[in-house]
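Notes follow once the structure below has been shown.
Where a number appears in this text, it was derived from the coordinates with a stated rule and is not lab data. Everything numeric here is computed off the predicted structure, so don't read it as measured data. Ideal geometry is used to build each Cβ from the backbone, glycine not excepted, and the neighbour counts take in all protein chains shown.
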Amino acid sequence: QLEDALLKIDNKRCEADSRLFAQDGRDDHVYTIRAGCVKMVHRLDDGSGRIVRLHYRGDAIGLEALLGQPYRHTAVVLQKADVCRIPVSVIRTLEDRNPDLYQQLMQRWQTSLDEAESFITDLNTGTAETRLARLLLKLDNHNCGKPVPDLLREDIASIIGVTTETASRQMADFHRRKLVCN
């Protein structure tokens with residue numbers, strides 16, 4: 001039964017800057033990240049975007065599809081990623097036929113929600129310097145000794161809610177103080 005369900009899962013290698021799904025789009029798939037990093041971008045009414053989360057290996061995204069709702073954010077690959085595209089029907093089958101595996105999936109999703117709350121709290125409170133320091137620590141923590149994904153200053157600014165100029169100044173200050181290296 002599980003093999004039949006797994007045949008419907010699309011395993012994809014995605015290049016940086018490729019889009020997995022778009023805000024307000026509808027699809028009957030959820031995604032899990034096997035490797036790499038994906039940013040979730042929320043487009044505002046004025047056309048600007050804000051990075052609201054970063055997702056890493058083991059994270060599940062696009063959960064809105066389980067409820068038949070449009071995606072709330074655009075998912076963009078930040079660094080080369082391996083992604084599983086899972087039809088909602090497969091998840092429904094797992095729920096019925098393999099409750100243990102379904103429970104593991106639910107645990108991953110809860111972890112994603114916990115990370116989202118942490119993202120909001122840690123990266124949107126305090127001074128720009130504090131937010132940047134928390135972001136860099138968070139990135140380092142998720143990469144397990146591998147290189148931290150290259151973020152554009154615009155991405156850093158979007159994540160921590162400051163102007164690009166402020167993000168650039170803070171990074172330059174961190175470099176001057178030897179808190180980060182190239």
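Listing for the model above:
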| read-out | value |
| --- | --- |
| 21 Å Cα-Cα threshold exceeded, pairs from K12/K80; K39/K80; K8/K39; K138/K178; K80/K178 | K8/K39; K80/K178 |
| Three-way shape call for segment 24-63 based on the alpha-carbon gyration tensor, with the a/c threshold at 1.5 | oblate |
| Counted charge near D24, where neighbours are those whose Cβ lies closer than 10 Å (Asp, Glu -1; Lys, Arg +1) | +3 |
| Prolate/oblate/rounded call for the chain, Cα gyration tensor, a/c under 1.5 rounded | prolate |
| Relative contact order of the chain, defined on C-alpha pairs under 8 angstrom at six or more residues apart (%) | 23 |
| Estimated vicinal HN-Hα couplings, Hz - segment 122-128 in sequence order (Karplus 6.51, -1.76, 1.60; Gly, Pro = x) | 6, 9, 10, 10, x, 6, 4 |
| Three-way shape call for segment 38-90 based on the alpha-carbon gyration tensor, with the a/c threshold at 1.5 | oblate |
| Sequence-distant residues sharing a close amide H with R57 (under 5 Å, placed H) | G36 |
| Net charge dipole size for the chain [Lys, Arg +1 and Asp, Glu -1 on Cβ; Debye, nearest 20] | 580 |
| MRE, 222 nm, helices only [DSSP H, n ≥ 4, -39500 (n - 2.57), over the chain, to nearest 500] | -13500 deg cm²/dmol |
| For segment 1-93, size of Cβ-based charge dipole, Lys and Arg +1, Asp and Glu -1, in debye | 240 |
| Calculated from backbone phi, Karplus (6.51, -1.76, 1.60) coupling profile of segment 64-76 in Hz, x at Gly/Pro | 4, 4, 4, 9, x, 9, x, 5, 7, 9, 9, 9, 10 |
| Residues with amide H under 5 Å from that of Q79, placed H, sequence gap 5 or more | C37 |
| Estimated vicinal HN-Hα couplings, Hz - segment 130-137 in sequence order (Karplus 6.51, -1.76, 1.60; Gly, Pro = x) | 5, 4, 5, 4, 4, 4, 4, 5 |
| Dipole magnitude of segment 85-182, debye to nearest 20 (Cβ charges: Lys/Arg +1, Asp/Glu -1, about Cα centre) | 320 |
